[in-house]
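The values are calculated or read from the model by the stated rules, or taken from the named source; none is laboratory data. Keep in mind it's a predicted model, so treat the numbers as computed, not measured. Here the Cβ positions follow ideal geometry from the backbone for every residue, glycine too, while neighbour counts run over all protein chains shown.
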Amino acid sequence: MPAKRKSIHGEWSSRLAFILAATGSAVGLGNIWRFPYVAGENGGGAFVLVYLLCVASVGIPVMMAEVMLGRRGRQSPVNTMYTLAEDERSSTHWQYLGVMGMVAGFLILSFYSVVAGWTMAYVFRVASGVFDGATAEQVSGAFTVFVSDPERLLGWHTIFMVMTIIVVSRGVKSGLEQAVRFLMPTLFVLLVAMVGYAMSTGHFSEALAYLFRPDFSRLTGDSILAALGQAFFSLSLGMGAIMIYGSYLSHTASIPRTAVIIAAMDTSVALLAGLAIFPIVFAHGLEPELGSGMVFKVLPIAFGQMPGGTLFGTLFFLLLVFAAWTSAISLLEPMVTWLVENRGMNRVMAAAWSGLAAWSLGVVSLLSLNVWSGYTLFGKSFIELVEFIATNVMLPLGGLLMAVFAAWVMSRESSQDELHLSGSTYRTWRVLARYVAPVAVAVILLTAIGIL
Ligand code: TRP
């Protein structure tokens, strides 16, 4: 067995630091912006049920696999896969799994930064009090006007990308821990307060029924794929973000416990976001199919009506910006570590160049919302297409291959040694990672493209 490796990029100060960083990566726009709108587009309850099943039976075992691979390889995802494949005397082509992950991260970061820019703009819009007493139509209309202004979107997209580059170029470990430790709990408390508000003023029971009473007639191959993709996106799985964070994790920490904690926190934030938003949707007679502008069309209505709503809403969007920031950092990190290791760049240059590349693609996405909105492929605009391919195809495929590598290619000794597991817990993980996760992902992907 190879001697324990060390990462040239450093190590977390503790297991808690890793949990905080990984939670910072997982909790972001995926939970608060994406989960409610994708749930609304896919009919609610049945989608939510499939999403929860995916988190438990695919997400957690894949997260364990991904953290384990990262900690054993201790390099950028590309080099980790290369080294681990060599260790196991398997084909070094496994490095292309790392390459696909970098590409997926790059694609996701490009549109993620655009949406994070919307969030930044909304900090100031809510603070200015423009939504005070606004009707649902006025709030929706304001969003439509906002996204049709490319210059404004460009400004915010640029600011957000620069913020991301700055943190990554300093090394993700300094500062991230402190930020997540205080900001995440605050965001959680604000969300709970929002749910309380929605409970007392909105159509809460209608929202509960919508989200948790499955209507299986709404379940299609596409909505199942959307639920799977959402599980991967929300947990930051399948592209190497969690792998690179795992590579900074100390050898003594327990991976299974850590994975369960992270998944539980991430999933509760998504469900709380749903419970905060849908009661307001129904109370104002809106349709659940509000599309990717949903949070921005719904929450400001409540902020404009509740006492202290301006302050509360400003703080809410501000914390959402932080949550998006700690996620975006993890999207850039795999690329940056690879450039440092293989291209001999220093961290600052690596972060600047890869951030600039993602920014450029983001500009195309941003223009596809307005000036180029006439150009579509398969009925999707450019930004929707990038989101779809990266989230619903590349992440699940990446996760499938990670599970296959961890549970089929790696020897039992290697995985047992790295997971510090034995007995029935180890066997459960191995069955999930060997059979359940790969088969579920393969069946869902093949069904969606019409082969099964
Ligand atoms: N999980 C984050 C969110 O929900 C986004 C994210 C960060 C991500 N890193 C990732 C998604 C890696 C997929 C893969 O907002």
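Going by the structure shown, is Arg152 more than 16 Å from the ligand (Cβ to nearest atom) and closer than 18 Å to Val364 by Cα? Let's see the steps before the verdict.
On the way: more than 16 Å from the ligand (Cβ to nearest atom): yes; closer than 18 Å to Val364 by Cα: yes.
So Arg152 fits the description; yes.
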If you take the residues in the stretch 417-427 that are modelled with pLDDT of 90 or more and over 28 Å from the mean Cα position of the chain (by Cα), which one is farthest from Ser247 (Cα to Cα)?
Ser424
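Conditions tested, residue by residue: (1) farther than 24 Å from Val260 by Cα; (2) in contact with a Gly (Cβ under 8 Å, 6 or more places away or on another chain); (3) surrounded by 15 or more Cβ atoms within 10 Å (Cβ to Cβ); (4) of a type outside the set (Lys, Arg).
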{"position": "Ser381", "(1), (2), (3), (4)": "yes, no, yes, yes"}
{"position": "Val386", "(1), (2), (3), (4)": "yes, no, yes, yes"}
{"position": "Arg412", "(1), (2), (3), (4)": "no, no, no, no"}
{"position": "Trp429", "(1), (2), (3), (4)": "no, no, yes, yes"}
{"position": "Leu432", "(1), (2), (3), (4)": "no, no, yes, yes"}
{"position": "Val439", "(1), (2), (3), (4)": "no, no, no, yes"}
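Take the stretch 239-266 and flag every residue that is within 11 Å of the ligand (Cβ to nearest atom) and assigned to a helix (DSSP H, G or I). Explain how you work it out, then say what you get.
So the first thing to find is which residues in the stretch 239-266 are within 11 Å of the ligand (Cβ to nearest atom), and the list is 239-245, 262, 266.
Answer for the stretch 239-266, where residues must be within 11 Å of the ligand (Cβ to nearest atom) and assigned to a helix (DSSP H, G or I): Ala241, Ile242, Met243, Ile244, Tyr245, Ile262, Asp266.
Every residue in the stretch 376-401 that is among the aliphatic types (A, V, I, L, M) and more than 16 Å from the ligand (Cβ to nearest atom), please.
At the first step, the residues of the stretch 376-401 found to be among the aliphatic types (A, V, I, L, M) are 377, 383, 385-386, 389-390, 393-395, 397, 400-401.
Hits for the stretch 376-401 are Leu377, Leu385.
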Look through Val115, Val99, Val145 and report the one residue that is within 16 Å of the ligand (Cβ to nearest atom), in a helix (DSSP H, G or I) and free of Cβ contacts under 8 Å to residues at least 60 places away in the same chain.
Val99
Pull out all pairs, ordered by first then second residue, where Cβ-Cβ is under 7 Å, the residues are six or more apart or on different chains, the first lies in the stretch 1-27 and is part of a helix (DSSP H, G or I), and the second is aromatic (Phe, Trp, Tyr) and modelled with pLDDT under 90.
Phe18/Trp12; Ala21/Trp12
With (1) in a loop (DSSP other than H, G, I, E, B); (2) within 16 Å of the ligand (Cβ to nearest atom) as the list, and Val441 as the residue in question, which single condition is left unmet?
(1)
Restricting the first residue to the stretch 55-77 and requiring it to be on the phi > 0 side of the Ramachandran plot, which pairs with a second residue that is surrounded by fewer than 24 Cβ atoms within 10 Å (Cβ to Cβ) and of a type in the set (Lys, Arg) meet a Cβ separation below 6 Å and a spacing of at least six or different chains?
Arg74/Arg5
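Has the stretch 168-176 got any residue that is part of a helix (DSSP H, G or I), surrounded by fewer than 20 Cβ atoms within 10 Å (Cβ to Cβ) and modelled with pLDDT under 95? Steps first, answer last, please.
Initially, the stretch 168-176 is screened for residues part of a helix (DSSP H, G or I), giving 168-170, 176.
From what is left, the residues that are surrounded by fewer than 20 Cβ atoms within 10 Å (Cβ to Cβ) are 169-170.
Still in the running and modelled with pLDDT under 95: 169-170.
So far as the stretch 168-176 goes, yes, one or more of its residues are part of a helix (DSSP H, G or I), surrounded by fewer than 20 Cβ atoms within 10 Å (Cβ to Cβ) and modelled with pLDDT under 95.
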Can you find, within the stretch 125-142, the residue that is nearest to Leu315 (Cα to Cα) among those that are surrounded by fewer than 14 Cβ atoms within 10 Å (Cβ to Cβ) and free of Cβ contacts under 8 Å to residues at least 40 places away in the same chain?
Ser128
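Residue check: is Ser169 polar (S, T, N, Q), under 30 Å from Lys6 (Cβ atoms) and more than 15 Å from the ligand (Cβ to nearest atom)?
Values: polar (S, T, N, Q): yes; under 30 Å from Lys6 (Cβ atoms): yes; more than 15 Å from the ligand (Cβ to nearest atom): yes.
So Ser169 fits the description; yes.
Based on what the data block shows, is Ala324 within 13 Å of the ligand (Cβ to nearest atom) and buried (at least 21 other Cβ atoms within 10 Å of the Cβ)? Walk me through it before giving the result.
On the way: within 13 Å of the ligand (Cβ to nearest atom): yes; buried (at least 21 other Cβ atoms within 10 Å of the Cβ): yes.
Here the answer is yes, as Ala324 does meet what is asked.
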Taking the stretch 26-43 and keeping residues crowded, with 23+ Cβ neighbours inside 10 Å and more than 15 Å from the ligand (Cβ to nearest atom) leaves Gly40, Asn42
For the stretch 118-138, which positions are within 16 Å of the ligand (Cβ to nearest atom), farther than 17 Å from Glu384 by Cβ and not hydroxyl-bearing (Ser, Thr, Tyr)?
Met120
For the stretch 55-71, give me each residue that is buried (at least 24 other Cβ atoms within 10 Å of the Cβ) and more than 12 Å from Leu237 (Cα to Cα).
Met68, Leu69, Gly70, Arg71
Within the set of pairs 6 or more residues apart or between chains, which connect a residue that is touching a residue at least 60 places away in the same chain (Cβ under 8 Å) inside the stretch 187-212 to a residue that is in a loop (DSSP other than H, G, I, E, B) and not hydroxyl-bearing (Ser, Thr, Tyr) with Cβ atoms less than 8 Å apart?
Leu187/Val27; Tyr197/Met306; Thr201/Met306; Tyr210/Gly44; Tyr210/Pro288; Leu211/Gly44
Taking the stated definitions as given, is Val336 touching a residue at least 12 places away in the same chain (Cβ under 8 Å), farther than 16 Å from Trp33 by Cα and within 16 Å of the ligand (Cβ to nearest atom)?
yes
Show the residue pairs meeting these rules: Cβ distance below 8 Å; 6+ apart or different chains; first residue within the stretch 300-317 and closer than 20 Å to Phe146 by Cβ; second residue in a loop (DSSP other than H, G, I, E, B) and of a type in the set (S, T, N, Q).
Ile301/Thr135
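Tally time: how many residues in the stretch 200-238 are assigned to a loop (DSSP other than H, G, I, E, B) and in contact with an Asp or Glu (Cβ under 9 Å, 6 or more places away or on another chain)? Let's see the steps before the verdict.
To start, the set of residues in the stretch 200-238 that are assigned to a loop (DSSP other than H, G, I, E, B) comprises 202-203, 213-215, 219-220, 236-238.
Narrowing further to those that are in contact with an Asp or Glu (Cβ under 9 Å, 6 or more places away or on another chain): 236-238.
Within the stretch 200-238, residues that are assigned to a loop (DSSP other than H, G, I, E, B) and in contact with an Asp or Glu (Cβ under 9 Å, 6 or more places away or on another chain) number 3.
Per-residue answers, yes or no, for (1) under 29 Å from Lys173 (Cα atoms); (2) under 21 Å from the mean Cα position of the chain (by Cα); (3) modelled with pLDDT of 95 or more:
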site	(1), (2), (3)
Ala350	yes, no, yes
Ala357	yes, yes, yes
Gly379	no, no, no
Leu395	yes, yes, yes
Ala440	no, yes, yes
Is it fair to say Val130 is assigned to a helix (DSSP H, G or I) and over 18 Å from Asn31 (Cβ atoms)?
no
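Do you know which residues across the stretch 85-95 are in contact (Cβ under 8 Å) with a residue 12 or more places away in the chain and out of contact with any Phe, Trp or Tyr (no Cβ under 9 Å at 6 or more places or on another chain)?
Listed by number, the list holds a single entry, Asp87.
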